[in-house]
Amino acid sequence: MIRMLPLLLAAAACARPSLTGQLARATWIDLSYPFDSTTIYWPTAKPFALEVVSARRTPAGYYYAANNFAAAEHGGTHLDAPVHFAEGRHTTDQIPLTQLAGPAFVIDVRRQAEADRDYRITPADLEAWERAGTRIPEGAIVLFRTGWGNRWPDRARYLGTARTGPAAVPELHFPGIHPDAARWLVERKVHAVGIDTPSIDYGQSTTFDTHETLFAADIPAFENVAHLSAVPATGAFVIALPMLIRGGSGGPLRIVAVLPEGAAPE
Ligand SMILES: [Zn+2]
């Protein structure tokens, strides 16, 4: 009996693997683009700038590297805090951590977006996805895969225009989320929404209704999400941690997908 105890313990450990064990064996996928001089920003936004302060051996004998950086909150892979389009709603630092992490549900709309670069994702797209077998639960992080990630970092193909300044804004063309789908997501009480394009509203939007709808419900958004091809439709856990800017309307975002052992992209 005593000799069996280690076996029994081992069996129990297999039946209920610890969270730390699962995390240690999981695959971690980076869903952020790096910030550099090629990072895509809105045509009217200040792009990322890195200023080298030091990159050399000092007279005292030690090597010292340090930089200054500056950028708009909204560019590259970034968070939109609800206050971005909803006065009085959460700023970047007010979003609960629990809302920035959760089970990921990846909705593939590549076919629709390929046929129409101004495509807006509809409730019908979400319902068709659910009919394939999984209901999107309360607390979900819903990520939309339009295929636009393949165009990064080609500004002309990704944004619809390579120009900058206010005159370039009407030239923006990329897919987004229809406000009806935004209302659907609000009713489902999802925790956050992400997309692999520059904005949750499509490029031709002038009123940003999807931003208004989600943000009024304190549902934040992740934009320019990278590498969604590596995330399965279900089974991944997303952790999306923005720079903690007090009073911010958004900010640079490091977002990762954690794939438990056995979960694999299509
Ligand atoms: Zn934004």
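Laboratory data are not the source of any read-out in this text; all were calculated from the coordinates shown. Since the model is a prediction, treat every value here as computed from it, not as a measurement. Here the Cβ is made from the backbone with ideal geometry for all residues, glycine too, and neighbour counts use every protein chain on show.
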Can you tell which of Pro170, Pro82, Pro220 shows the greatest fluctuation in a Gaussian network model of the chain with Cα springs below 10 Å? Pro170
Listed residues Asn68, Asn224, Asn150; largest mean-square fluctuation, Gaussian network over the chain with Cα springs below 10 Å, found at Asn68
Just to confirm the filter: which chymotrypsin sites (Phe, Trp or Tyr not before Pro) across region 37-123 are DSSP coil and have at most 12 other Cβ within 10 angstrom of their Cβ? Tyr62
Connecting every pair of Cα atoms under 10 Å apart in the chain and solving the GNM, the largest mean-square fluctuation among Ala132, Ala65, Ala168 falls on Ala65
Between Arg254 and Val53, Cβ-based FRET efficiency (R0 25 Å, step 0.05) works out to 0.65
Quick calc of log₁₀ I(q)/I(0), region 208-252, Debye, one scatterer on every Cα, no solvent, q values 0.13, 0.16, 0.23 1/Å, result -0.42, -0.63, -1.05
Quick check: pseudo-label points 7 Å beyond the Cα along Cα→Cβ at Ala167 and Lys189, how many nm apart are they? 5.1 nm
Let's test the formula: R0 of 41 Å, r as the Cβ-Cβ distance of Glu114 and Phe69. What FRET efficiency results, to the nearest 0.05? 0.70
How far apart, in nm, are the 7 Å Cα→Cβ label points at Thr207 and Arg131? 2.9 nm
Give me the base-10 log of I(q)/I(0) for the chain at each q in 0.08, 0.15, 0.17 Å⁻¹, Debye formula, one uniform scatterer per Cα, rounded to two decimals. -0.37, -1.07, -1.34
GluC sites (Glu not before Pro) in region 62-162 lying in a DSSP loop, each with at most 12 other Cβ atoms within 10 Å of its Cβ, come to Glu87, Glu138
